[in-house]
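**Student:** Next up is a structure, given as structure tokens.
No lab work stands behind these numbers, since they all come straight from the coordinates. As the structure is a computational prediction, the values presented were derived from the model and not from experiment. Glycine also receives a Cβ, built like all others from the backbone with ideal geometry; neighbour counts cover every protein chain displayed.
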């Protein structure tokens, strides 16, 4: 009897844990904080798993130092265009629009050619081929910047 009660409690606990993970969905920029709060659900998993819960269009990015899958260390997603983001540079970070920063456990010395938007506008674009190329990278950390 004790064994079946323990099994039932364990099953209930696991069921709640897995159902909660399925509830993390970014339907609006302010929902991005849910990813940071529930980062344990995404750390150690491929980037494309995290991207599958983001329903808001990604309009610009910052890849550091660039979008090369062997050199990228961090990737920042924005829900506004790069031109719109430039208009907010004079504001404090907490007054800027929401940004999701994803770190990968590689290239901590930032070796590689840095991507400058004024020289290469595609640096700030999230393209379908970027998701294919970078989707298998493993998420190391997640944090959110901005006001939402």
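**Student:** Looking at (1) surrounded by 14 or more Cβ atoms within 10 Å (Cβ to Cβ); (2) touching a residue at least 60 places away in the same chain (Cβ under 8 Å); (3) not in a helix (DSSP H, G or I), can you tell me which one residue 44 breaks?
**Tutor:** Only one criterion is unmet by residue 44, namely (1).
**Student:** Something else now. Do you know which residues across the stretch 67-82 are in contact with a helix residue (DSSP H, G or I) (Cβ under 7 Å, 6 or more places away or on another chain), part of a loop (DSSP other than H, G, I, E, B) and within 16 Å of residue 28 (Cα to Cα)?
**Tutor:** Hit for the stretch 67-82 is 79, nothing else.
**Student:** With respect to the numbered conditions (1) over 27 Å from residue 147 (Cβ atoms); (2) surrounded by fewer than 13 Cβ atoms within 10 Å (Cβ to Cβ), which one is the sole condition not fulfilled by residue 110?
**Tutor:** So residue 110 meets the others, but not (2).
**Student:** Limited to the stretch 111-148, what total is found for residues that are in contact with a helix residue (DSSP H, G or I) (Cβ under 7 Å, 6 or more places away or on another chain) and without any contact (Cβ under 8 Å) to a residue 24 or more places away in the chain?
**Tutor:** So the count comes out to 1.
**Student:** Considering only residues that are surrounded by 13 or more Cβ atoms within 10 Å (Cβ to Cβ) and in a loop (DSSP other than H, G, I, E, B), which ones fall in the stretch 88-102? Quick ask: steps written out before the conclusion?
**Tutor:** Step one: of the stretch 88-102, the residues surrounded by 13 or more Cβ atoms within 10 Å (Cβ to Cβ) are 88, 96-102.
The answer is 88, 96, 97, 98.
**Student:** Inside the stretch 47-66, can you point out the residues that are farther than 14 Å from residue 136 by Cα and assigned to a loop (DSSP other than H, G, I, E, B)?
**Tutor:** 53, 55, 56, 57, 58, 59, 65, 66
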